[in-house]
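Novice: My structure is below; once you've seen it, I'll send some questions.
The values are calculated or read from the model by the stated rules, or taken from the named source; none is laboratory data. Predicted model only: the values in this text are computed from it and were never measured. Note that we place each Cβ from the backbone using ideal geometry, even for glycine, and neighbour counts take in every protein chain shown. Please note that ligands, DNA and RNA were not included when accessible areas were found on the heavy atoms of the full protein model with its side chains. Shrake-Rupley method; radii C 1.70, N 1.55, O 1.52, S 1.80 Å.
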Amino acid sequence: MIGVVVNPLAVWISPGRRRLPMLAGSLFLAGITICTVPWFSRIWVLPVLCAFQAFHLGSYAMSDAATLERVAAPLRGRVVGLFLSIAGTAASTSPWLMGWWTDRFGPRASTQSAYFGPFVLLGAMMWIAMASMPLIARLGEAREGEVEPISEITPRTMEPVM
């Protein structure tokens with residue numbers, strides 16, 4: 001539900017040359033936020049995770065828009081597909097890895113301090129994701145005008161459905 005609000009808002013407030021710096025800020029704040037989760041009491045964990053999700057989901061929307069602004073129309077589907085394949089593969093392994101890690105905690109799994117390492121690692125992964133920004137910037141300068149992601153990456157066969 002957070003993404004329904006955050007994604008279009010993140011793209012709207014970060015046009016043109018502001019997009020990559022705002023993407024860096026979003027990833028940085030996501031990293032800090034997720035690192036702090038184990039230090040919060042039980043009643044605050046959900047709001048902190050919601051804040052993390054807002055920064056994290058906004059970063060996806062801004063990186064997609066930045067990519068679409070810089071890649072020629074005939075290549076956009078391939079470039080976006082490559083980024084989504086890499087991000088999707090990493091993201092789909094995380095629940096398995098976290099479950100495996102939690103199993104290894106044994107009796108410590110119910111201790112809040114046991115999760116400091118995993119959550120700091122998640123924060124570090126957000127900061128490592130900032131390495132994608134120079135790659136996006138190397139795709140070229142942002143083209144002027146608005147980018148409509150649904151019309152740019154959706155196949156033409158979807159037009160009758162919409």
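Novice: How do 96-107, 67-78 rank on mean C-beta neighbours within 10 Å, highest first?
Specialist: Values: 96-107: 11.1, 67-78: 15.2.
Packing order, densest peptide first, comes out as 67-78, 96-107.
Novice: According to a simple spin-label model (label point 7 Å from Cα along Cα-to-Cβ), what is the distance in nm between Ile128 and Leu49?
Specialist: 2.3
Novice: With a 1.4 Å probe and every protein chain left in place, work out the accessible area per residue of region 31-108 in Å², rounded to a whole number. Numbers along the way, then the final one.
Specialist: Working: 4610 Å² over 78 residues.
I get 59 Å² per residue for region 31-108.
Novice: A further question follows. Per residue of region 49-66, in order, report the coupling 6.51 cos²θ - 1.76 cosθ + 1.60 (Karplus, θ = phi - 60°) as ³J(HN,Hα) in whole Hz, putting x for Gly and Pro.
Specialist: Along region 49-66, the couplings run 5, 5, 5, 4, 4, 4, 5, 5, 5, x, 5, 4, 5, 5, 5, 4, 5, 4 Hz.
Novice: Sorted by average packing, counted as other Cβ atoms within 10 angstrom per residue and highest first, what order do 36-42, 8-14, 57-63 take?
Specialist: Averaged packing, sorted descending, gives the order 57-63, 8-14, 36-42.
Novice: Let me ask something else about it. Within 14 Å, Cβ to Cβ, of Ile86, how many net charges do the neighbouring residues add up to if Lys/Arg are +1 and Asp/Glu are -1? Don't jump to the answer; show the numbers that get you there.
Specialist: Values: positive: Arg78; negative: Asp64.
Neighbour charge sum, excluding Ile86 itself: 0.
Novice: Kindly write out, for region 126-133 in residue order, the coupling ³J(HN,Hα) from the Karplus curve 6.51 cos²θ - 1.76 cosθ + 1.60 (θ = phi - 60°), rounded to whole Hz, with x marking Gly and Pro.
Specialist: 5, 5, 5, 4, 5, 5, 6, 5
Novice: Moving on to the next point. With +1 assigned to the C-beta of every Lys and Arg and -1 to the C-beta of every Asp and Glu, and no other charges, what is the dipole magnitude of the chain about the Cα centre in debye, to the nearest 20? Display every interim value, and only then the final one.
Specialist: Numbers: 12 positive and 9 negative charges, 77 e Å.
Charge dipole of the chain: 360 debye, to the nearest 20.
Novice: Go ahead and estimate [θ] at 222 nm for the chain from helices alone: -39,500 (n - 2.57) per DSSP H run with n ≥ 4, summed, over the residue count, rounded to 500. Before the final figure, lay out the partial values.
Specialist: Values: 7 runs with 112 residues, N = 162.
Taken over the chain, the calculation gives -23000 deg cm²/dmol.
Novice: Any idea how far apart Thr36 and Leu135 come out in nm if each label point goes 7 Å out from Cα toward Cβ?
Specialist: Result: 2.9 nm between the two label points.
Novice: Also: Determine the gain in length on full extension of the stretch Ala87-Asp103; use 0.36 nm per residue of separation and subtract their C-alpha separation, reporting nm with one decimal.
Specialist: On the way: separation 16, 0.36 × 16 = 5.76 nm, distance 2.49 nm.
So the chain would gain 3.3 nm between Ala87 and Asp103.
Novice: A follow-up question, please. Per the 1.4 Å probe, what fraction of the accessible area of the chain, in percent, lies on carbon and sulfur atoms?
Specialist: That fraction is 70 percent.
Novice: Among (i) 39, 34, 32; (ii) 54, 30, 30; (iii) 95, 30, 25, which is the computed Cα extents along the principal axes in Å?
Specialist: Only one listed value fits the structure, namely (ii).
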